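Novice: Just dropping this structure here.
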2 protein chains.
Amino acid sequence: MKVSSRGEYALRALIALGLQEGNVSTIADISGQTLVPVAYLEQILLQLKMLGYLKSKRGKNGGYMLAKAPDQIVIGDVIRSLEGPLAPMGCVSITSYEACPLEGTCLLKPFWALIRDSIAQLLDQTTLAHLIERKL
Amino acid sequence: MKVSSRGEYALRALIALGLQEGNVSTIADISGQTLVPVAYLEQILLQLKMLGYLKSKRGKNGGYMLAKAPDQIVIGDVIRSLEGPLAPMGCVSITSYEACPLEGTCLLKPFWALIRDSIAQLLDQTTLAHLIERKL
DNA sequence: GATTATGTTGACTAACATACTCAGGTATCG
DNA sequence: CGATACCTGAGTATGTTAGTCAACATAATC
């Protein structure tokens, strides 16, 4: 049930930028705060930009900043974008359902569904603002 | 947040055996009911046996059966044995904690802890008997 | 006691995912 | 112009997953 380093790193970066309140931060700055290797962080920031969470400015005095208010950034969405579905099994995934030959009789499916709901509820009701303000 | 096929298959096998109430089932039987490839299922059943969940009988008329009552088999334990810790990140794992350099100031850690607790609670309060009796 | 049905063991492999690095290219400011 | 940033795409080392396969050991039955 692990979250990959990529997901963790992305959230670290979003938090670092959220704490900057509008100022741009260079990749090197963010790397320093998050302890994510610069070259790897570049990739992740770029992806977050493509997903619409970040804006960037090139050239001197450039850097990254949030493209949305922290309370508009839902953690569940971020994780889904970076790691795929939250559901533990394809058969109970809402965003990318996969059929299973046991489907009808499977005694596990309702259980996986319970777990999916529990995880999704937590992740979808938490925003970047909640993390930054320590209000969970 | 996926569960591996190995974990799913192990639970399928336990359920299949739990429904047999004491009768032995051959690997081929279990494979037929669970749709897990015979050669792969062999490995998994062997592991479940080493973990103390199953007993086996060799030779003709042999097969596998549960070594414990279904209400003594906790799903969380099974998953942990087959897939490692339930926690999404090492820094909030109880069974295999890993330190993180951000530890003190990390705004994510309390959040991961919340998720860990939610998953662990569900998995640790559910037994094989609950699955078989459809009481979740 | 030979046969046959079963579990046991260990090695092996193809495919994919993870966690990065690196070499260059492009825009912008001063 | 040139320094400082972000941008792009390729490459790579390591590990995990999801299996397969061949040969062996044991127990029941005829």
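The values are calculated or read from the model by the stated rules, or taken from the named source; none is laboratory data. Note that the structure is a prediction, hence the values are computed from the model and not measured. Methodologically, a virtual Cβ is constructed for each residue, glycine included, from the backbone with ideal geometry; neighbour enumeration extends over all protein chains shown. With ligands, DNA and RNA removed, areas are computed over all heavy atoms of the protein, side chains included. Shrake-Rupley method; radii C 1.70, N 1.55, O 1.52, S 1.80 Å.
Novice: Would you mention how many residues in the stretch A:90-129 are out of contact with any Cys (no Cβ under 8 Å at 6 or more places or on another chain) and buried (at least 18 other Cβ atoms within 10 Å of the Cβ)?
Specialist: Adding up the residues that qualify gives 15.
Novice: What number of residues in the stretch B:81-127 are assigned to a helix (DSSP H, G or I) and more than 22 Å from A:Leu123 (Cβ to Cβ)?
Specialist: 2
Novice: Right, another one. Which residue out of B:Gly52, B:Gly76, B:Gly104, B:Gly84 is within 16 Å of DNA strand D (Cβ to nearest atom) and of a type in the set (Gly, Ala, Ser)?
Specialist: Going through B:Gly52, B:Gly76, B:Gly104, B:Gly84 in turn, the sole match is B:Gly84.
Novice: Can you pull out every residue in the stretch A:64-86 that is within 9 Å of the chain's Cα centre (by Cα) and among the polar types (S, T, N, Q)?
Specialist: A:Ser81
Novice: Scan A:Leu35, A:Leu46, A:Leu41 and give me the residue that is open to solvent by less than 50 Å² (accessible area, probe 1.4 Å), in the same structural domain as A:Ala10 (by TED's automatic domain parsing) and within 16 Å of DNA strand C (Cβ to nearest atom).
Specialist: A:Leu41
Novice: Can you pull out every residue in the stretch B:92-136 that is touching a residue at least 60 places away in the same chain (Cβ under 8 Å) and in contact with a strand residue (DSSP E or B) (Cβ under 9 Å, 6 or more places away or on another chain)?
Specialist: B:Leu128
Novice: If I ask for residues that are surrounded by 19 or more Cβ atoms within 10 Å (Cβ to Cβ), more than 17 Å from B:Ser4 (Cα to Cα) and among the hydrophobic types (A, V, I, L, M, F, W, C), which ones from the stretch B:58-80 would you list?
Specialist: Within the stretch B:58-80, B:Leu66, B:Ile73 meet the criteria.
Novice: Quick one: A:Lys55 ticks every box in (1) open to solvent by 60 Å² or more (accessible area, probe 1.4 Å); (2) not in a strand (DSSP E or B) bar one, so which box is it?
Specialist: Here A:Lys55 meets the rest and fails (2).
Novice: For residues that are within 16 Å of DNA strand C (Cβ to nearest atom) and within 15 Å of A:Val78 (Cβ to Cβ), tally how many sit in the stretch A:7-32.
Specialist: 7
Novice: Only one of these conditions is not met by B:Gly22: (1) touching a residue at least 40 places away in the same chain (Cβ under 8 Å); (2) within 14 Å of chain A (Cβ to nearest Cβ); (3) assigned to a loop (DSSP other than H, G, I, E, B). Which number is it?
Specialist: Failed condition: (2).
Novice: Could you tell me which residue of the stretch A:49-95 is nearest to DNA strand C (Cβ to nearest atom), considering only residues that are more than 26 Å from B:Ile119 (Cβ to Cβ) and small (Gly, Ala, Ser)?
Specialist: A:Gly59
Novice: Could you check B:Gly7 against (1) without any contact (Cβ under 8 Å) to a residue 24 or more places away in the chain; (2) surrounded by 17 or more Cβ atoms within 10 Å (Cβ to Cβ) and say which number it fails?
Specialist: (1)
Novice: Now a separate question. Say we look at the stretch A:61-83 and pick out the residues that are in contact with a Ser or Thr (Cβ under 7 Å, 6 or more places away or on another chain) and within 12 Å of chain B (Cβ to nearest Cβ); which of these is farthest from B:Leu14 (Cα to Cα)?
Specialist: Only one residue fits best here, namely A:Pro70.
Novice: Taking A:Gln20, is it polar (S, T, N, Q) and either open to solvent by 70 Å² or more (accessible area, probe 1.4 Å) or under 11 Å from the mean Cα position of the chain (by Cα) (or both)?
Specialist: no
Novice: Still on this model: List the number of the failed condition for B:Leu122; all other conditions in (1) in contact with a helix residue (DSSP H, G or I) (Cβ under 7 Å, 6 or more places away or on another chain); (2) more than 20 Å from B:Leu17 (Cβ to Cβ); (3) modelled with pLDDT under 95 hold.
Specialist: B:Leu122 satisfies every listed condition except (3).
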